[in-house]
Amino acid sequence: GKDACVELSNLPGTQLVALERATGEVMHVSAGQPLIVASKDILWFQGTAASVVELRKIPGFELEPDQVAKLGVPKLDRRLVQAVLSARSRLVGVSVKDSHFRSEFNAAIVAIHRNGGHVMGKIGEVVLQAGDVLLLDCTGSFVSKHRGKEDFLLVYELSDSAPPRMEKL
C-alpha cells in the first residue's frame, strides 16, 4: 500500500499511455513523463502480449487484481492465454459483463485487441466482436479445455507466462 516512483519508459514492447487514479481521474501519459504511482492506481499500457508477460514479473504489479482474485485459482497455477473469438461464438455482440465470462470460462480478461489496436475503457463494458483477441489470466488447463471449441478460433498459452515466485527474488 505505498506510493512509488517507478521507471516505466524502458520496458521493451510496451508504453504506458494512461493512469487512472482511485478517484476516477484519468491522466494521459507521454513518454518520459515522471509519475508518482499510488497503490490503487490503474496503469493503462499499450504493447505486445509478450510485454504483458514482462510487466507481470515486476514486483507489485498485478493484472486486473480484483477480477483475477475472484477466480479462486492459486497464483502459481495461473497462465496468460490469448484467445481469438470466432464469428460463431455466443459471446459476439454481448458485453463482457453480460457474458459472465469470468464465471463461464474461469478466466479473467486483462486486455482486448481489435483490428490491431488495444480496446481502451472498462473491460466489462466492452461489447465483444468476432476476431477480438482476448488476453486472459486463467489456469493452465484453459487451452486444452477450449481449443477447437466453437467460441474460439485460436487459443494458445504465452510462453513463460506463469507468475514469478516473488519469494525467490
Considering only helices (runs of 4 or more DSSP H) fully contained in the stretch 93-167, which possess at least 1 residues that are of a type in the set (Val, Ile, Thr) and either closer than 18 Å to Leu43 by Cα or touching a residue at least 60 places away in the same chain (Cβ under 8 Å) (or both)?
142-146
Of the residues that make up the stretch 129-146, is at least one open to solvent by 20 Å² or more (accessible area, probe 1.4 Å) and acidic (Asp, Glu)?
no
Out of Leu80, Leu55, Leu76, I need the residue that is over 21 Å from Glu125 (Cα atoms), assigned to a strand (DSSP E or B) and modelled with pLDDT of 70 or more. Which one?
Leu80
Hey, Glu104 on the phi < 0 side of the Ramachandran plot, surrounded by fewer than 13 Cβ atoms within 10 Å (Cβ to Cβ) and out of contact with any Cys (no Cβ under 8 Å at 6 or more places or on another chain) or not
yes
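The values are calculated or read from the model by the stated rules, or taken from the named source; none is laboratory data. Please read these numbers as outputs of a predicted model, since none were measured by experiment. Backbone-built Cβ (ideal geometry, glycine too); neighbour counts: all protein chains shown. Heads up: the accessible areas ignore ligands, DNA and RNA and are worked out on the full protein's heavy atoms, side chains in. Shrake-Rupley method; radii C 1.70, N 1.55, O 1.52, S 1.80 Å.
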